[in-house]
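The values are calculated or read from the model by the stated rules, or taken from the named source; none is laboratory data. The structure presented is a predicted model; accordingly, all values stated were derived computationally and were not measured. Because the Cβ atoms are built from the backbone with ideal geometry, glycine has one as well, and the counts that use them run over all protein chains shown. With ligands, DNA and RNA removed, areas are computed over all heavy atoms of the protein, side chains included. Shrake-Rupley method; radii C 1.70, N 1.55, O 1.52, S 1.80 Å.
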Amino acid sequence: MVATRGTAGWSAVPSAIPFTIPESTYLGTELVAMSSDLSQILVLTDQPLTSGAPAGYNLFLGNTTTGSYTALTDASTDSTSSGLGDIGVSADYSHVFFNPDIAQLSTDPVNYNRGSDLYQWTDGQLTIVNVLPSGKLAKQPADLAGGSTSDLSAISADGDAVLFQDQTSSGPGP
């Protein structure tokens, strides 16, 4: 439930994740992040929150005002996978970043035996972030610098800039 206070007092709008099948049938659901105005949420679940959602653990962007959800990932090539690391989001929720443990694009050049690459979802499109200016994929897989939704300093407020590091980096020394 999302409650807001206006000039006439408080009003509440029911805002539940729209499970179509009892959650006990599934492995689970995690609310990953929520916007400061509570209008946007990121949900990691193996529930199909949209019609035609791919099978498996997927990341969904939800709008609590309209009750609509958008599938951001496609785990259908490995429906048992729940591996999404370093999930981060811009303050305005227009850009979502994550490290999947399975390929997301049919043209994906990633070798998942070496680690995963950093993806960005924006404007309904998925792209790989760690592509060099030459257009080639970086030799090392990448992570968000700082790594999680609790540390959004790696992502600019509008999502147009992101700091990332290769996964083999040990980070700053003592």
* Structure fact -> Taking first residues from the stretch 43-54 that are farther than 11 Å from residue 70 by Cα and of a type outside the set (Lys, Arg) and second residues anywhere that are open to solvent by less than 30 Å² (accessible area, probe 1.4 Å) and at pLDDT below 80, the pairs with Cβ under 7 Å that are 6 or more apart or on different chains are 46/56; 54/75
* Do you know which residues across the stretch 122-144 are open to solvent by less than 50 Å² (accessible area, probe 1.4 Å) and charged (D, E, K, R)? -> 143
* Structure fact -> Sole miss for residue 37 among (1) at pLDDT below 85; (2) among the charged types (D, E, K, R); (3) out of contact with any strand residue (DSSP E or B) (no Cβ under 8 Å at 6 or more places or on another chain) is condition (1)
* Evaluate the following for residue 94: is it within 22 Å of residue 161 (Cβ to Cβ), under 13 Å from the mean Cα position of the chain (by Cα), open to solvent by 10 Å² or more (accessible area, probe 1.4 Å) and modelled with pLDDT of 80 or more? => yes
* To do: Taking residue 65 as meeting all but one of (1) farther than 19 Å from residue 45 by Cα; (2) at pLDDT 85 or above; (3) in contact with a Ser or Thr (Cβ under 7 Å, 6 or more places away or on another chain); (4) of a type in the set (Val, Ile, Thr), write down the number of the exception.
  => (2)
